[in-house]
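See structure below.
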Amino acid sequence: MTTDLTGPHCDVLLAALKAEARKVALARRAAADPAGAGEALAAVVLRDCPPPPGALVAGFWPMGPEIDLRPLLHALHARGHPLALPVTPKRGLPLRFRRWTPGDDLAHGPMGTRQPAQGVDVTPDWLLVPLLAFDRAGRRLGYGGGYYDRTLAALPHAGVIGIAYAAQEMQDPPGVPAGPLDARLPRVATEKGVVNCDGPLGASS
């Protein structure tokens, strides 16, 4: 059984499947234990899948119960990596990225996001991508705006790693419902390790 919905007239069904999956994913994420998870995630990424030296890394400022990416961002900064955070545009557009250094002021963005109050727009070499759920095929469930799908399509040569709690993995089958425009992830880093995905962008585990 597959959750990829690529045929005609599937938009309504796909939207319903995603809405139900988001309810499950939100509950699973809320039940995850945040204690020490951000530090463990940082250690996993730096040990198992660090960005190339000097790569400009785009992260994200964690919202609510998202796993805390800040220990990793601080560690990358200490290693000399330039950093950026996303700036959320109008719906239908890909994200922009603005240079950010730990300690820089953040402004409130749309939908509860935080983004650099000022700074230079940049193109990242490496992206750390938030998500609600993922599976071993690299399918990613986001919040429904499609921002990262458009962004990843616009940056085909950038390195990409999904960022999540291990509890956010959905078993396959049925896995994460996805359509033809939903970008897949080559790997996902969690506080427990790196999941190498089997999707078209990924390597086998």
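Between PRO65, PRO71, which is part of a helix (DSSP H, G or I), more than 17 Å from GLY145 (Cα to Cα) and touching a helix residue (DSSP H, G or I) at 6+ places or on another chain (Cβ under 7 Å)? Break it down stepwise before answering.
Values: PRO65 fails: part of a helix (DSSP H, G or I).
Going through PRO65, PRO71 in turn, the sole match is PRO71.
Residues checked against (1) buried (at least 21 other Cβ atoms within 10 Å of the Cβ); (2) closer than 20 Å to ALA32 by Cβ; (3) modelled with pLDDT of 95 or more:
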| position | (1), (2), (3) |
| --- | --- |
| ARG136 | no, yes, no |
| TYR148 | yes, no, yes |
| THR151 | yes, no, yes |
| PRO174 | no, no, no |
| GLU191 | yes, yes, yes |
| GLY202 | no, no, no |
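Listed residues ARG29, ARG47, ARG22, ARG70; which is free of Cβ contacts under 8 Å to residues at least 24 places away in the same chain and of a type outside the set (S, T, N, Q)?
Working: ARG29 fails: free of Cβ contacts under 8 Å to residues at least 24 places away in the same chain; ARG22 fails: free of Cβ contacts under 8 Å to residues at least 24 places away in the same chain; ARG70 fails: free of Cβ contacts under 8 Å to residues at least 24 places away in the same chain.
None of the other options fit; the residue is ARG47.
Pairs only if they're at least six apart or on different chains, beta carbon under 6 angstrom, first in segment 101-122 and on the phi > 0 side of the Ramachandran plot, second surrounded by 11 or more Cβ atoms within 10 Å (Cβ to Cβ) and part of a strand (DSSP E or B); list them, first residue then second.
GLY119/ARG98; GLY119/ARG99
Here are some conditions: (1) of a type in the set (A, V, I, L, M); (2) under 18 Å from ALA153 (Cα atoms); (3) over 16 Å from the mean Cα position of the chain (by Cα). LEU76 meets all but one. Which one does it not meet?
(2)
The values are calculated or read from the model by the stated rules, or taken from the named source; none is laboratory data. What you are looking at is a predicted structure, and each value in this text was computed from that prediction instead of being measured. In this analysis, Cβ positions are derived from the backbone assuming ideal geometry, glycine residues included, and neighbour counts consider all displayed protein chains.
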